[in-house]
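The values are calculated or read from the model by the stated rules, or taken from the named source; none is laboratory data. Since this is a predicted model, take the numbers as computed values, not measurements. No Cβ is skipped: glycine too gets one built from the backbone with ideal geometry, and neighbour counts run over all protein chains shown. Remember, those area values only see protein heavy atoms, side chains included, never the ligands or the DNA or RNA. Shrake-Rupley method; radii C 1.70, N 1.55, O 1.52, S 1.80 Å.
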Amino acid sequence: MSRGKKLILLISKNGWLILQQEMNFLVQGDEDMVSGKLRAWFGLDEEDDRVVYYHYDNLLAPLASGSSRASGMIICPCSMATVAAIAHGFSSTLITRTADVMLKENKPFILVPRETPLNEIHLQNLLTLKRCGAQVVPAMPAFYHKPQTVEDIVDFMVGKILDLLGAEHKLFKRWEGYHPD
């Protein structure tokens, strides 16, 4: 992460449950304490202010305002409940309120839907958000770069998401065309 840029994390109640179940990661405490523990988890100094956490119910956080300086938002993974709430303007959490702010301020807003298969309601809500300016990026990796590990597949998806934000990365080999031997 470049100096001056911040990564602000919002983790839903269910997101915390998934982190605990799938990654054996559980942190409790106030926002400052959780921010420090997340920094350490990412291998950063606990005082490094480039990674900040806000509780999902903190509607007084800076991100809840259109005057915030957030340059974009990624919800990954994004549940269909969150998609529905955002698509219908139901901004009851910091996550859905921040998404609302991104849409109204025309800032980059990327959703990575978690559900499969999708029913007609899911598709309609995703289409609504796409029409409002969101980028919908299903976790559908390519295989032309010949991934060898699960990490290679994840890096491809993360790279595609970062591409939409215009962020430089070297997470995957880009397509250079077909060159038969």
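Residues to consider are 91, 71; find the one that is among the hydroxyl-bearing types (Ser, Thr, Tyr), under 19 Å from residue 134 (Cα atoms) and either in contact with a Phe, Trp or Tyr (Cβ under 7 Å, 6 or more places away or on another chain) or exposed (fewer than 14 other Cβ atoms within 10 Å of the Cβ) (or both).
Every option except 71 fails the conditions.
Please specify each residue of region 10-26 satisfying the condition of being of a type in the set (A, V, I, L, M), out of contact with any helix residue (DSSP H, G or I) (no Cβ under 6 Å at 6 or more places or on another chain) and under 25 Å from residue 99 (Cα atoms). Can you show your working first?
So the first thing to find is which residues in region 10-26 are of a type in the set (A, V, I, L, M), and the list is 10-11, 17-19, 23, 26.
Filter once more, keeping what is out of contact with any helix residue (DSSP H, G or I) (no Cβ under 6 Å at 6 or more places or on another chain): 11, 17-19, 23.
Answer for region 10-26, where residues must be of a type in the set (A, V, I, L, M), out of contact with any helix residue (DSSP H, G or I) (no Cβ under 6 Å at 6 or more places or on another chain) and under 25 Å from residue 99 (Cα atoms): 11, 17, 18, 19.
Just wondering, is there one or more residues in region 140-155 that are within 21 Å of residue 109 (Cβ to Cβ), open to solvent by less than 60 Å² (accessible area, probe 1.4 Å) and at pLDDT 95 or above? Show your work before the answer.
Of all residues in region 140-155, those within 21 Å of residue 109 (Cβ to Cβ) come to 140.
When the remaining residues are screened for being open to solvent by less than 60 Å² (accessible area, probe 1.4 Å), the result is none.
Checked region 140-155: no residue is within 21 Å of residue 109 (Cβ to Cβ), open to solvent by less than 60 Å² (accessible area, probe 1.4 Å) and at pLDDT 95 or above.
So in region 28-38, with the set limited to residues that are part of a helix (DSSP H, G or I) and over 11 Å from residue 54 (Cα atoms), which one is most open to solvent (accessible area, probe 1.4 Å)?
Quick first cut of region 28-38, residues part of a helix (DSSP H, G or I) only: 31-38.
Then keep just the ones that are over 11 Å from residue 54 (Cα atoms); that gives 36-38.
Working: 36: 6, 37: 91, 38: 3 Å².
My answer is 37.
Mind checking whether some residue in region 39-57 is within 21 Å of residue 164 (Cα to Cα), open to solvent by less than 20 Å² (accessible area, probe 1.4 Å) and touching a Lys or Arg at 6+ places or on another chain (Cβ under 8 Å)?
Checking region 39-57: at least one residue is within 21 Å of residue 164 (Cα to Cα), open to solvent by less than 20 Å² (accessible area, probe 1.4 Å) and touching a Lys or Arg at 6+ places or on another chain (Cβ under 8 Å).
Within region 12-27, is there a residue that is outside any loop (DSSP other than H, G, I, E, B), out of contact with any strand residue (DSSP E or B) (no Cβ under 9 Å at 6 or more places or on another chain), of a type in the set (Lys, Arg) and at negative phi?
Yes: region 12-27 contains one or more residues that are outside any loop (DSSP other than H, G, I, E, B), out of contact with any strand residue (DSSP E or B) (no Cβ under 9 Å at 6 or more places or on another chain), of a type in the set (Lys, Arg) and at negative phi.
When you scan region 108-124, do you find a residue that is in contact with a helix residue (DSSP H, G or I) (Cβ under 7 Å, 6 or more places away or on another chain), open to solvent by less than 70 Å² (accessible area, probe 1.4 Å), among the aromatic types (Phe, Trp, Tyr) and within 18 Å of residue 80 (Cβ to Cβ), even just one?
Yes, because at least one residue in region 108-124 is in contact with a helix residue (DSSP H, G or I) (Cβ under 7 Å, 6 or more places away or on another chain), open to solvent by less than 70 Å² (accessible area, probe 1.4 Å), among the aromatic types (Phe, Trp, Tyr) and within 18 Å of residue 80 (Cβ to Cβ).
Show me the helices (runs of 4 or more DSSP H) found entirely inside region 64-174 where at least 3 residues are small (Gly, Ala, Ser) and without any contact (Cβ under 8 Å) to a residue 40 or more places away in the chain. Show your work before the answer.
Numbers: elements: 80-87, 94-104, 120-131, 150-165.
Fully inside region 64-174 and qualifying: nothing.
So that you can scan it fast, the table gives a plain yes or no per residue for (1) in contact with a strand residue (DSSP E or B) (Cβ under 8 Å, 6 or more places away or on another chain); (2) closer than 16 Å to residue 75 by Cα:
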| residue | (1), (2) |
| --- | --- |
| 135 | yes, yes |
| 148 | no, no |
| 154 | no, yes |
| 163 | no, yes |
| 168 | no, no |
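Hey, among 57, 48, which residue is out of contact with any Gly (no Cβ under 8 Å at 6 or more places or on another chain), within 21 Å of residue 103 (Cα to Cα), acidic (Asp, Glu) and not in a helix (DSSP H, G or I)? Talk me through it step by step, then tell me what you get.
Values: 48 fails: within 21 Å of residue 103 (Cα to Cα).
So the residue among 57, 48 that is out of contact with any Gly (no Cβ under 8 Å at 6 or more places or on another chain), within 21 Å of residue 103 (Cα to Cα), acidic (Asp, Glu) and not in a helix (DSSP H, G or I) is 57.
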